[in-house]
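One structure is given here, and the rest of the page talks about it.
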Amino acid sequence: MLLNKKYSRSMFIFFPAIAMMLGWGLRGHIGGGPLGAMIPGAMVALTICLLLEIPATLTSVIVVFGVAGIGLGGEMTYGQTLSFLRNLDTVWWGILATTVKGAVWGVLGGAVLSIGFVFRNLPKKTIVVAFFVMMAGMLLGFKFINEPMLVYFSDPAKPRPESWGALLLGAVSLITYLKYKTTSENFKIITRFSIWGLIGGGLGFGIGGLWMVLGAQMPKGLVFQAWWKAMELTFGFLLGGALGYAAWLSRKELKAIGEASDKKSDYSFKTAYKELGVMLLTGLFIFAIIPFSLEPFVDAASKSDGFILSGLRSVARMFVNYSFYGLIMVAAALYFPKAAWQLGITLTFCHTVIDLVDDHFVEIFTNSPIVASVLSILIATFLVGLITAYYQGRRNQNLTMFMILTWSTVFVSTFKIIFYPQKMHLAGQSFNEIIFGLFVVDITFLVLAVIVTWMAFRKVQAC
């Protein structure tokens, strides 16, 4: 049958919700910023594809769009924004700010993710141009909303660059462009994911921020202090649920797209070096070459008042923005589709190792921290890359890739425990202090990972 009826609406909501809840929590723990947000982006895309029983050849590319789309919102700063929630005099401004930023995160993430479902109905050139149109809209948002602080959601006394306006105009530009470049059926899917992303993101961050309000009013001696993490988990849960609901509303159309796509791949493990090479080259560009070459220029040019240098800085700023990194990954997946699993799974994992190394390895390997860091990143990344390559082309790819991503990232998160001495020396601490103080976050991740694993194996017919 064209319309798969075996998965209920609640399954379409709760499976992506819990998966993205886990991914969002991990994002703040083993990789911040937009690159860390690749984790929930990959997880929500995989769960939706599992529910829709979309073939793996199509799913692998959709995952890259999820990684690119959800990562975009990580460009926004919100540390100072959350500080408004700790003060009753500014709490309503903080709620408005988190709601706006969450809505912007959701609408743009939902729009880009939805392109992944219809990408075979669009010329590759159209998709690439769409990203550049989005980047142009973002540049206008920077210039006319964020830089002049037209509406400012951070601390004016200690100003930080904001980008919510840039992402908002980027989303509007992207969606408007696609309206004239795709069919009404495809555009219906795009608008549905965008609208529900906006709703889920706004409610997720807005309601999630209330944990910060509650935490500020609690006694200082309270054992539980993970209010920030509670906020992130709530954000991920509601946004994931909203995107899952959008998929349920579009299930007939998305199922038809899946059935019309190729169900078999001619991939061979013997040629894995090609896909690993594409992944390595892409990773070098987004993790090293572009940041190390352009970011120093952007920083230096920010101190200049010259018209020409200021203009060049504005343009260069867009190429060190995650929107351009997302374009690189999407373009690589479109032109080298066999490498899509490596781009979506292995690169997402790779950044968790980079974050781990940046945070802790310099303190440990004092004699040669750079060599130790590079080797650790390469060894861990290629290990996951080889595992990913081994299972590519085999049965139940979507389920297997979901397990690889889930448990590799949870492993990195759990591994971080050894770098915190207070978690290794438990003498003199009560049960409540150990469970609800020291290990509440780690336990939460493990529980959520077990739940999504159970849901995937027991409730989902893998492709």
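Values computed for the structure shown
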{"quantity": "Ellipticity estimate at 222 nm from DSSP helix runs (n ≥ 4, -39,500 (n - 2.57)) divided over the chain, nearest 500", "calculated": "-23000 deg cm²/dmol"}
{"quantity": "Derived scalar couplings ³J(HN,Hα) [the stretch 92-97; Karplus, 6.51 cos²θ - 1.76 cosθ + 1.60; whole Hz; x for Gly, Pro]", "calculated": "5, 5, x, 5, 4, 5"}
{"quantity": "Sequence of 160, 395 once ranked by neighbouring C-beta atoms within 10 Å, starting from the fewest", "calculated": "395, 160"}
{"quantity": "Under Karplus coefficients 6.51, -1.76 and 1.60, residue-wise ³J(HN,Hα) of the stretch 345-351 in Hz, glycine/proline x", "calculated": "8, 5, 5, 4, 5, 4, 5"}
{"quantity": "Answer label, with Cα extents along the principal axes in Å calculated from the coordinates and candidates [x] 74, 57, 56; [y] 59, 58, 48; [z] 73, 56, 38", "calculated": "[y]"}
{"quantity": "Net charge, residue 165 excluded, C-beta distance under 13 Å - Lys, Arg +1, Asp, Glu -1", "calculated": "-1"}
{"quantity": "From phi via Karplus (6.51, -1.76, 1.60), per-residue ³J(HN,Hα) for the stretch 194-208 in Hz, x at Gly/Pro", "calculated": "5, 5, 6, x, 4, 5, x, x, x, 5, x, 6, x, 6, x"}
{"quantity": "Simple Cβ-charge dipole of the chain, Lys/Arg +1 and Asp/Glu -1, about Cα centre, in debye nearest 20", "calculated": "1440"}
{"quantity": "Neighbour net charge for residue 345 - beta-carbon separation under 15 angstrom, K R +1, D E -1", "calculated": "+1"}
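Every read-out reported here was derived from the displayed coordinates using simple, explicitly stated rules and does not represent laboratory data. Note that the structure is predicted; figures quoted are calculated from it, not measured. Counting neighbours? That spans all protein chains shown, and the Cβs are built from the backbone with ideal geometry, glycine included.
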